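In what follows, a single structure is set out as structure tokens and then discussed.
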Amino acid sequence: MGASPPLIPGVRHVIAVGSGKGGVGKSTVAANLACALALTGAKVGLLDADLYGPNIPMMMGSTTGPEQKDGKIVPVESYEVKLISMAFLVPEEAPLVWRGPMVHQYLQAFFRDVLWGELDYLLIDLPPGTGDVQLSLSQMVPLAGAVTVTTPQEVSLYDVRKGMAMFQKVNVPLLGIIENMSFFLCGHCGERTDIFSHGGGERAATKLGVPFLGSISIDPAIREGGDSGHPIVIANPTSPQAAAFRDIAQKLIDQLGGTGKGGASIDSLLKKLKQPFTNQ
Ligand SMILES: Nc1ncnc2c1ncn2[C@@H]1O[C@H](COP(=O)(O)OP(=O)(O)OP(=O)(O)O)[C@@H](O)[C@H]1O
Ligand SMILES: [Mg+2]
């Protein structure tokens, strides 16, 4: 019995974006990181594997579904990121309860039936927690690693530890922790408020011996970017929030051996954006 051929032979690095807890900003981070990686010149895909609440099409501003070619699915392109979501493939009356084998089947279709082509990075936006999607995924494709998103407070960090332990158990490398909603900078007076406390993500990373990849502030513009389908990295590329996402993207590139062009100046990034949105 020979080994089965790899499901996605053209993809160099598959990166899972997860969290133990729901609503901490995984999808927001995944969408912005995908755009930030694409801006370095890397070829990037984004797979929305949240069967329960697929948000990526909305956050990436893609309203049309994918087309088919020779019985395969052609990913939709948005901001030079190829994306596929459960939202495109699952009928409106999708089941409320996903059984393990169904999860496995759908995930497999995401890889086997989608024309991803050559990609430097394929980001996977996971549902929260440590369930069937995470498990199936880790068995199905070789993951370059998992990035964990957390908010700074203790209840969230507890779940981070659980989530990371799960990845460790299935031998997925831990690429690092991102602290989202880390602090709030008042747009009027510039005062900083640590709404959910601060620094927990970095402390957890130190404790677990994994890289701390960076902090993202809590900011209405980030939320608006998600709601309007213009991720802040694209909508306001010169903002400190966009810079924070780009910095994290660069850290991932460095860690994985550097397939992005890296070090692009903000001018060249701006030129690359086909539609420079302003979101202020
Ligand atoms: N840094 C931020 N500043 C402001 N709002 C944010 C930030 N990050 C995320 N949000 C908002 O918080 C909400 C939850 O974010 P998101 O959907 O990305 O979380 P999630 O972890 O993917 O959630 P789920 O577990 O349901 O998949 C969204 O409305 C999003 O716009
Ligand atoms: Mg999500």
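The values are calculated or read from the model by the stated rules, or taken from the named source; none is laboratory data. Fair warning: this is a prediction, and the values are worked out from it, not measured in the lab. Heads up, the Cβs are rebuilt from the backbone with ideal geometry, glycines too, and the neighbour counts pull from every protein chain shown. Areas reflect the complete protein model, heavy atoms only, side chains present, ligands, DNA and RNA absent. Shrake-Rupley method; radii C 1.70, N 1.55, O 1.52, S 1.80 Å.
Can you give the relative contact order of the chain as a percent, counting alpha carbon pairs under 8 Å and 6+ residues apart?
Numbers: 555 pairs, mean separation 69.7, N = 280.
Computed over the chain, the figure is 25 percent.
Averaged per residue, what accessible area in Å² does the range 161-210 show with a 1.4 Å probe, protein chains only?
57 Å²
What list of whole percents do you get for P(r) of the chain, with Cα-Cα distances grouped in 5 Å bins up to the one holding the largest distance?
The percentages, shortest bin first, are 1, 6, 13, 18, 20, 18, 13, 7, 3, 1, 0, 0, 0, 0.
Counting only protein heavy atoms and a 1.4 Å probe, tell me what percentage of the range 21-111's accessible area is made up of carbon and sulfur.
50 percent
Lys21: which aspartates and glutamates have alpha carbons under 19 Å from its alpha carbon, excluding same-chain residues fewer than 8 sequence positions away?
Within reach: Asp48, Asp50, Asp125, Asp132, Glu154, Asp159, Glu179, Glu202.
If I model a spin label as a point 7 Å beyond the Cα along the Cα-Cβ vector, how far apart are those points for Glu118 and Leu185 in nm?
With each label point 7 Å from Cα toward Cβ, the separation is 3.9 nm.
Suppose a student asked you for the relative contact order of the range 119-188, using Cα pairs under 8 Å spaced at least 6 residues apart; what percent would you report?
Normalised by residue count, the contact order of the range 119-188 is 35 percent.
Could you work out how much longer the chain between Thr193 and Val170 gets when fully extended? Use 0.36 nm per residue separation minus the Cα distance between them, nm to one decimal. Working shown, then result.
Numbers: separation 23, 0.36 × 23 = 8.28 nm, distance 3.79 nm.
Result for the pair: 4.5 nm of gain on full extension.
Who wins for biggest fluctuation among His188, His13, His230 in a Gaussian network model of the chain, springs between alpha carbons below 10 Å?
Result for the chain, Cα springs under 10 Å: His188 fluctuates most.
Taking just the C-alpha trace of the range 34-119, give me its Rg and Dmax in Å.
13.1, 40
For the range 89-169, compute Rh as the Kirkwood radius over C-alpha pairs and then the Stokes-Einstein diffusion coefficient at 25 °C and 0.890 mPa s; write the answer in µm²/s, rounded to an integer. Each step should come with its number before you reach the end.
Values: Rh = 14.6 Å.
In µm²/s, the coefficient rounds to 169.
Label Thr63 and Glu154 with points 7 Å out from Cα along Cα→Cβ: what is the distance between them in nm?
With each label point 7 Å from Cα toward Cβ, the separation is 4.7 nm.
Which of rounded, prolate or oblate describes the range 1-155 when judged by the alpha-carbon gyration tensor and an a/c cut-off of 1.5? Display every interim value, and only then the final one.
Numbers: a/c = 1.24, a/b = 1.11, b/c = 1.11.
Rounded, since a/c falls under 1.5.
Counting only DSSP beta bridges with both residues in the range 1-142, what percent are antiparallel, rounded to the nearest 5?
Values: 6 of 23 bridges.
Counting only bridges with both partners in the range 1-142, antiparallel ones make up about 25 percent.
How large is the helix-only mean residue ellipticity at 222 nm for the chain, computed as the sum of -39500 (n - 2.57) over DSSP H runs with n ≥ 4, divided by its residue count, in deg cm²/dmol to the nearest 500?
Result for the chain, helices only: -11000 deg cm²/dmol.
List the aspartates and glutamates whose Cα sits under 14 Å from the Cα of Lys69, skipping any in the same chain fewer than 8 residues away.
Reachable aspartates and glutamates: Asp113.
Please list, in order, the residues from the range 125-141 whose amide nitrogen is less than 18 Å from a point placed 7 Å along the Cα→Cβ vector of Arg99.
132-133, 136
Only bridges with both residues in the chain count here: give the DSSP antiparallel percent, nearest 5.
So the antiparallel bridges in the chain amount to around 20 percent.
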